[in-house]
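Contents: one structure, followed by commentary.
The values are calculated or read from the model by the stated rules, or taken from the named source; none is laboratory data. Just so we're clear, the structure is a prediction, and the values are computed from it rather than from any experiment. For neighbour counting, all protein chains shown are included, and Cβ atoms are generated from backbone atoms with ideal geometry for every residue, glycine included. Ligands, DNA and RNA are stripped out before the accessible areas are found, and what is left, the full protein with its side chains, is counted by its heavy atoms. Shrake-Rupley method; radii C 1.70, N 1.55, O 1.52, S 1.80 Å.
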Amino acid sequence: MRLSQQDARRIAVQAQLLTADRPANLFEVLDRLTLLQLEPTKVVAPTHHLVLWSRLGRSYSRDELADALAAREVIEVQLHLRPAWFVALLRAEMAAWPGGGAGAGAGASSPPEWQIRIAEWLKTNDACRRDILHRLDAEGAQPAGALPDTCVVPWRSTGWTNDKNVQRMLDFMEQRGEIAVSHRAHGQRHWDLAERVYPDDPPVPAAEARRERDALRLHALGIARARATARQVEPDDIGEAGEPAVIEGVRGRWRVDAAYLDGLGDDTFRPRVALLSPLDRLVFDRKRMADLFDFDYKLEMYQPKATRRWGYWALPILVGDRLVGKVDATADREAGVLRVDAVHEDEPFDEPTAADVRGELTSLAGWLGLDLDERF
């Protein structure tokens, strides 16, 4: 399958539900994307809410997501929100983790060294693991601070997790499918036995589940590389899902979801303007973003202020099938305004584009319950 760059971009935008044909509700978005990354930065809004607003517009209420979480229609797994049905596609690898499950490449004879280290630490501190399970079984959901640290060997790391025994134990027990996030209170995770949180659906066998996840990921992305740099939780590649494709002027092996091939080139693509979270899946894989959209962008929140080009939490601007700029904006809740510090135009906007971007900023401000800063 030979595709132009424009074809590839339009497939990617359509797959991510960013055309003028907006999805009907929260569940339609989640069923397509299969995940929302939890990122608490509130410069504008937490990224999981911003992703939903980008698709649904001002009709989206954050209460909808809170209600879906309370009803266990949406489940938090490893700092990502998943539709409840998706958990069955994770359980088999959870049960095998950390040896021979997620993170071990196809055909690998043994898990990598870092997984062996975790397995050994868990074995050494198995009494602490059992103490946590007993406490949760007896008392129900608990925050990390209420759970016992009876580790005999502390967790060692060169990073911020050094000596954080309980938090590391909880993270690993979540990856093993033994415990799960029951809910959050004031942003803090409360843990419970997985059997009380996850649906009763039987686990899908590991190999079948991996193929299904690849197919779902490709359906969410539209077009992706068959292989990409390894990433925890949600890979960027899609294995052998879909059909092989070549993108004119772009190197590499690509695969495309055939569901998006009908209608290419017949003017059925319905464009609109969208402001995206820096962690939106359309731009999350920066290499794919650059290949498909020729877009220069990175998240600059970790850079010194003096070296930033676009801003701490700059929002990429999508116009139709092109990424055309970035908005440096801040939700100033004390002043009651969405402050726009800069609109960076990769190329000068024409009047309709400038008006559409301003309209989207006005919509964003209204959704946040703020006024758009009149200086913009």
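If you go through the stretch 120-144 and pick out every residue that is over 20 Å from M94 (Cβ atoms) and either more than 30 Å from the chain's Cα centre (by Cα) or free of Cβ contacts under 8 Å to residues at least 40 places away in the same chain (or both), you end up with 7. Just name the residue that is most open to solvent (accessible area, probe 1.4 Å) out of those in the stretch 338-376 that are closer than 17 Å to R58 by Cβ and outside any helix (DSSP H, G or I). Restricting to residues being closer than 17 Å to R58 by Cβ and outside any helix (DSSP H, G or I), the top hit is D371. The lone criterion from (1) under 25 Å from D257 (Cβ atoms); (2) β-branched (V, I, T); (3) in a helix (DSSP H, G or I) left unmet by T19 is number (3). Scan the stretch 210-232 for residues that are assigned to a helix (DSSP H, G or I), more than 20 Å from L36 (Cβ to Cβ) and either under 16 Å from the mean Cα position of the chain (by Cα) or in contact (Cβ under 8 Å) with a residue 60 or more places away in the chain (or both) and the total you get is 1. Of the numbered criteria (1) at positive phi; (2) within 23 Å of the chain's Cα centre (by Cα); (3) open to solvent by 80 Å² or more (accessible area, probe 1.4 Å), the one G249 fails is (2). Here the stretch 35-64 is the region considered, the condition is being of a type in the set (K, R) and either over 22 Å from E360 (Cα atoms) or open to solvent by 10 Å² or more (accessible area, probe 1.4 Å) (or both), and the residue that is farthest from the chain's Cα centre (by Cα) is R58.
Scanning the stretch 295-318 for residues that are open to solvent by 40 Å² or more (accessible area, probe 1.4 Å) and in contact (Cβ under 8 Å) with a residue 24 or more places away in the chain yields D296, R309, Y312. Does the stretch 97-118 contain at least one residue that is among the aromatic types (F, W, Y), open to solvent by less than 50 Å² (accessible area, probe 1.4 Å) and modelled with pLDDT under 95? Checking the stretch 97-118: at least one residue is among the aromatic types (F, W, Y), open to solvent by less than 50 Å² (accessible area, probe 1.4 Å) and modelled with pLDDT under 95.
Residue count for the stretch 319-334 under the criterion of being closer than 19 Å to R358 by Cβ, open to solvent by 10 Å² or more (accessible area, probe 1.4 Å) and out of contact with any helix residue (DSSP H, G or I) (no Cβ under 8 Å at 6 or more places or on another chain): the result is 3. Evaluate the stretch 158-175: report whether one residue or more is open to solvent by less than 80 Å² (accessible area, probe 1.4 Å), farther than 25 Å from W114 by Cβ, not in a strand (DSSP E or B) and not β-branched (V, I, T). No, the stretch 158-175 has no match at all.
When the stretch 69-92 is filtered for residues that are in contact with a Pro (Cβ under 9 Å, 6 or more places away or on another chain) and outside any strand (DSSP E or B), the ones remaining, listed by number, are R72, E73, A84, W85, V87, A88, L89, L90, R91, A92. Counting only strands (runs of 3 or more DSSP E) that sit wholly inside the stretch 239-336, those with at least 2 residues that are charged (D, E, K, R) are 322-332. For P235, the conditions (1) modelled with pLDDT of 95 or more; (2) open to solvent by less than 50 Å² (accessible area, probe 1.4 Å); (3) in a loop (DSSP other than H, G, I, E, B) all hold with the exception of (1).
Checking E76, E93, E28, E39 one by one, the residue that is free of Cβ contacts under 8 Å to residues at least 60 places away in the same chain and of a type in the set (D, E, K, R) is E28 and no other.
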